[in-house]
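Only one structure is covered here, and it is reproduced in the block below.
The values are calculated or read from the model by the stated rules, or taken from the named source; none is laboratory data. Predicted, not measured: the structure shown is a model, and the values here were computed from it. Note that each Cβ is placed from the backbone with ideal geometry, even for glycine, and that neighbours are counted across all protein chains shown.
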Amino acid sequence: MKVRKAVIPIAGLGTRHFPASHAVKKELFPVVGTDGIARALFHYHLLELDAAGIEEICIIVQPGESAMVRDYLLGPDAGYLKRLEKYPVLLHEALQMRKYAERVTFAVQREQEGYGHAVFQTKEFAAGEMVLLGLGDHLFRGAPVSPYHELAAMASVSGGKSISAVNRISAGELKGYGTIAGTRRSENARLIDVSLIIEKPDVAVAQEKLLVDHLPAGIWLGWFGMHLLAPSIYEILEEMIRNDVRDGGEFQLTRAQEIQRQRHGYLALEMTGSQRFDFGVPDDFIRSLQLFRHLP
Ligand code: UTP
């Protein structure tokens, strides 16, 4: 089964980047690529998803933001394009971007009620297909292929289950990530049948409950920031929203994923050769900018 659709949420408030995020959404902050071109952060998701063979991309925005994102992709007017003729590489970039403007659709999240609530807004876009989901304020890179590509390729062995990309985290990182317990498959040790998912667990809970075979002591598997979601996630999110099931005041995707695991089973893929870059807070933003620019 081929994965054709992907979702990028950029509808958050970006509070931790205030006041810069009051001027420009964090997902539109400039990020310089290895080629020296400064693009808006979210633009890299489109490049990676395109390279991974994804055909349709839905961006989740706040009300009134879709025109701004579309205008970015449509690029400048004829006069400005003329000026760009002095910089052929940038002119080429502007022309390339236009093709994304045609392929991207938007879903609007009217109230900022959490990541799960944002994802729920793409129910119609998904229309019963599996969708790739990547954190809008992160970027991902893998060698030789994008982690988006790697995760999407797993759809053929998932038996219709959701699969989350995970990577190794230490005790100090547990408070930042959904974390799993599970058992590795004999035919592919990176593929894990998940037996429990807990969002931001305490160390004691993680030590007791979140075990995965063949991991060193003091190491767990936590969300990498990318998921391949089976369509039943939307029914579950709908139930949670109808019944006002919140964590920390928000509708959390991780809770929906744990419910989906209980009902339908759930897989995880350990990402070994891939990197994630977190742009969500100022200091991580600076660090990620430097690392991303100088990727091999
Ligand atoms: P974050 O967890 O970083 O939340 O979102 P945030 O609201 O953007 O930032 P802070 O906490 O206020 O500083 C992770 C990703 O999910 C999107 C964000 O845009 C970001 O790309 N998101 C988050 C939504 O689209 N809607 C939400 O309600 C929350």
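Quick one: would you say residue 2 is modelled with pLDDT under 95 and under 19 Å from the mean Cα position of the chain (by Cα)?
Values: modelled with pLDDT under 95: yes; under 19 Å from the mean Cα position of the chain (by Cα): yes.
Yes; evaluated as a whole, the condition is true for this residue.
Looking at segment 247-291 only, could you name the residues that are among the aromatic types (Phe, Trp, Tyr) and either more than 16 Å from the ligand (Cβ to nearest atom) or surrounded by fewer than 15 Cβ atoms within 10 Å (Cβ to Cβ) (or both)? Lay out the reasoning, then the answer.
At the first step, the residues of segment 247-291 found to be among the aromatic types (Phe, Trp, Tyr) are 251, 266, 277, 279, 285.
Result: 266, single match.
Evaluate segment 164-171: report whether one residue or more is away from the ligand (no atom under 16 Å from the Cβ), in contact with a Ser or Thr (Cβ under 9 Å, 6 or more places away or on another chain) and aliphatic (A, V, I, L, M).
Checking segment 164-171: at least one residue is away from the ligand (no atom under 16 Å from the Cβ), in contact with a Ser or Thr (Cβ under 9 Å, 6 or more places away or on another chain) and aliphatic (A, V, I, L, M).
Give segment 164-202 a look and list any residue that's touching a Pro at 6+ places or on another chain (Cβ under 8 Å) and of a type in the set (A, V, I, L, M, F, W, C), or say none.
If the condition is that a residue be touching a Pro at 6+ places or on another chain (Cβ under 8 Å) and of a type in the set (A, V, I, L, M, F, W, C), then 165, 174 are the ones that fit.
Filter segment 87-102 down to residues that are within 22 Å of the chain's Cα centre (by Cα) and of a type outside the set (Lys, Arg) and give me whichever is modelled with the lowest pLDDT. I'd like the intermediate steps shown before the answer.
Here is the first cut: in segment 87-102, the residues within 22 Å of the chain's Cα centre (by Cα) are 97, 99-102.
Imposing the further condition that a residue be of a type outside the set (Lys, Arg) reduces the set to 97, 100-102.
Values: 97: 94, 100: 91, 101: 90, 102: 86.
This residue is 102.
Name every residue in segment 33-45 that is more than 14 Å from the ligand (Cβ to nearest atom) and under 20 Å from residue 71 (Cα atoms), in order of residue number.
Restricting attention to segment 33-45, the residues satisfying the condition of being more than 14 Å from the ligand (Cβ to nearest atom) are 33-39.
37, 38, 39 - these are the residues of segment 33-45 that are more than 14 Å from the ligand (Cβ to nearest atom) and under 20 Å from residue 71 (Cα atoms).
Do we find that residue 136 is touching a Pro at 6+ places or on another chain (Cβ under 6 Å) and crowded, with 16+ Cβ neighbours inside 10 Å in this structure?
On the way: touching a Pro at 6+ places or on another chain (Cβ under 6 Å): yes; crowded, with 16+ Cβ neighbours inside 10 Å: yes.
It is true that residue 136 is touching a Pro at 6+ places or on another chain (Cβ under 6 Å) and crowded, with 16+ Cβ neighbours inside 10 Å.
One residue is enough: does segment 75-86 have a residue meeting the conditions under 26 Å from residue 141 (Cα atoms), more than 16 Å from the ligand (Cβ to nearest atom) and either at pLDDT 95 or above or among the charged types (D, E, K, R) (or both)?
First pass over segment 75-86, keeping only residues under 26 Å from residue 141 (Cα atoms): 75.
When the remaining residues are screened for being more than 16 Å from the ligand (Cβ to nearest atom), the result is 75.
Next, only the ones that are either at pLDDT 95 or above or among the charged types (D, E, K, R) (or both) stay: none.
Within segment 75-86, none of the residues are under 26 Å from residue 141 (Cα atoms), more than 16 Å from the ligand (Cβ to nearest atom) and either at pLDDT 95 or above or among the charged types (D, E, K, R) (or both).
Pairs under 8 Å by beta carbon, first residue free of Cβ contacts under 8 Å to residues at least 24 places away in the same chain in segment 116-143, partner within 15 Å of the ligand (Cβ to nearest atom) and of a type in the set (A, V, I, L, M, F, W, C), six or more apart or different chains?
Close Cβ pairs (under 8 Å, with a partner that is within 15 Å of the ligand (Cβ to nearest atom) and of a type in the set (A, V, I, L, M, F, W, C)) amount to 124/107.
All but one of (1) part of a loop (DSSP other than H, G, I, E, B); (2) within 16 Å of the ligand (Cβ to nearest atom) hold for residue 69, so report the exception by its number.
Tallying (1) part of a loop (DSSP other than H, G, I, E, B); (2) within 16 Å of the ligand (Cβ to nearest atom), residue 69 fails exactly one: (1).
Could you tell me whether segment 202-220 includes any residue that is surrounded by 17 or more Cβ atoms within 10 Å (Cβ to Cβ), free of Cβ contacts under 8 Å to residues at least 60 places away in the same chain and assigned to a strand (DSSP E or B)?
So far as segment 202-220 goes, yes, one or more of its residues are surrounded by 17 or more Cβ atoms within 10 Å (Cβ to Cβ), free of Cβ contacts under 8 Å to residues at least 60 places away in the same chain and assigned to a strand (DSSP E or B).
Which of the following residues is part of a loop (DSSP other than H, G, I, E, B), at positive phi and either in contact with a Ser or Thr (Cβ under 8 Å, 6 or more places away or on another chain) or touching a residue at least 40 places away in the same chain (Cβ under 8 Å) (or both): 64, 53? Steps first, answer last, please.
Values: 64 fails: either in contact with a Ser or Thr (Cβ under 8 Å, 6 or more places away or on another chain) or touching a residue at least 40 places away in the same chain (Cβ under 8 Å) (or both).
Criteria check complete, one pass: 53.
Say we look at segment 120-135 and pick out the residues that are over 14 Å from residue 62 (Cα atoms) and part of a loop (DSSP other than H, G, I, E, B); which of these is nearest to the chain's Cα centre (by Cα)?
Checking each candidate, the answer is 135.
Residue 79 passes all but one of (1) free of Cβ contacts under 8 Å to residues at least 40 places away in the same chain; (2) part of a loop (DSSP other than H, G, I, E, B); which number fails?
(2)
Could you grab me the full set of residues in segment 8-19 that are among the hydrophobic types (A, V, I, L, M, F, W, C), in contact (Cβ under 8 Å) with a residue 40 or more places away in the chain and either part of a helix (DSSP H, G or I) or more than 6 Å from the ligand (Cβ to nearest atom) (or both)?
Selection gives 8 alone.
If residue 59 passes every condition in (1) within 13 Å of the ligand (Cβ to nearest atom); (2) closer than 30 Å to residue 240 by Cβ; (3) within 20 Å of the chain's Cα centre (by Cα); (4) surrounded by fewer than 21 Cβ atoms within 10 Å (Cβ to Cβ) but one, which one does it miss?
So residue 59 meets the others, but not (4).
Any chance segment 103-119 includes a residue that's crowded, with 19+ Cβ neighbours inside 10 Å, in a helix (DSSP H, G or I), away from the ligand (no atom under 16 Å from the Cβ) and more than 14 Å from the chain's Cα centre (by Cα)?
Looking for residues that are crowded, with 19+ Cβ neighbours inside 10 Å, in a helix (DSSP H, G or I), away from the ligand (no atom under 16 Å from the Cβ) and more than 14 Å from the chain's Cα centre (by Cα), one finds none in segment 103-119, hence no.
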